[in-house]
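Below is one structure, written out as structure tokens, with a few remarks after it.
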């Protein structure tokens, strides 16, 4: 087991651009939740509803916002953004044993027609097919498939089991069934993108599917062919975006939500959990369409009422 790192509060304050209230030489060797902290832990308070929990915490230091009225029970790091300060500290405390050194695992399969940049980590059982470009400092974890015609820009992370550049869902109906439409486009993934475990992103039918810089995807997200995801989009688990929809910058999507195909969504839109977007969104803002679970008979009454509202 790797030994914990330790730092003084003075060092942590510099790393997070925070103000110290208390003992600057206090030693911290771990980050913990308020309830599970010990006497060498630093914890954080970014949601005021957990303030009362501090009364029983054993932490030696708490990260709080600058307006927080401190007491003598703890040392404090006062920050403009406690959650961001916490995020920075997670990188500082990450154990070296968890870091991936640049390497290509011997079990991976890489097409001769594809290129691999510098400082790349490719884990066990990764498949990289034809005409793929992997940029510098990219991490591709175990059991991923980069199927074909995929470019991945620098500093991007692909988590375990994801499939990028697979066939889009394109079929033409005929009297004898469905005729497959061959997918001739590619998939372009920008810089500083993070794609969770078991995600699937299809390459385009003719034009490319595009995932722009700074996009983050949770686990089990599906992006269909020819979708464009704008910069700094964040999508939670079990969401899907249907083909050819164009999404603006700073899009946020709660879990179990969906966007129908061939839609356009402007910049700075947030979608609540379990919401289905069925038409274009042209104005920034928060959108939600949640119907709480009810007894079946109660739901039947509610649905009748909703139908009457539209008449």
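The values are calculated or read from the model by the stated rules, or taken from the named source; none is laboratory data. Fair warning: this is a prediction, and the values are worked out from it, not measured in the lab. With ideal geometry, Cβ positions are generated from the backbone for all residues, glycine too; neighbour counts draw on all protein chains shown.
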Checked region 167-199 for anything buried (at least 19 other Cβ atoms within 10 Å of the Cβ) and part of a strand (DSSP E or B); matches are 187, 188, 189, 195
The one condition residue 123 fails out of (1) out of contact with any strand residue (DSSP E or B) (no Cβ under 8 Å at 6 or more places or on another chain); (2) over 25 Å from residue 185 (Cα atoms); (3) assigned by TED's automatic domain parsing to the domain that holds residue 168 is (1)
For this session: May I ask you to verify whether residue 218 is assigned by TED's automatic domain parsing to the domain that holds residue 182, in contact with a strand residue (DSSP E or B) (Cβ under 7 Å, 6 or more places away or on another chain) and surrounded by fewer than 24 Cβ atoms within 10 Å (Cβ to Cβ)?
Result: yes
When restricted to 259, 269, the only residue under 22 Å from residue 162 (Cα atoms), out of contact with any helix residue (DSSP H, G or I) (no Cβ under 7 Å at 6 or more places or on another chain), in the same structural domain as residue 156 (by TED's automatic domain parsing) and buried (at least 20 other Cβ atoms within 10 Å of the Cβ) is 259
So, first residue outside the structural domain of residue 194 (by TED's automatic domain parsing) in region 153-172, second residue part of a strand (DSSP E or B) and modelled with pLDDT of 95 or more, Cβ within less than 9 Å, six or more apart or across chains; the pairs are none
From the option list 131, 118, single residue qualifying as assigned to a loop (DSSP other than H, G, I, E, B) and in contact (Cβ under 8 Å) with a residue 40 or more places away in the chain is 131
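Return yes when residue 289 is under 23 Å from residue 138 (Cα atoms) and assigned to a loop (DSSP other than H, G, I, E, B) and no when it is not. First the steps, then the outcome.
On the way: under 23 Å from residue 138 (Cα atoms): no; assigned to a loop (DSSP other than H, G, I, E, B): yes.
In short, no.
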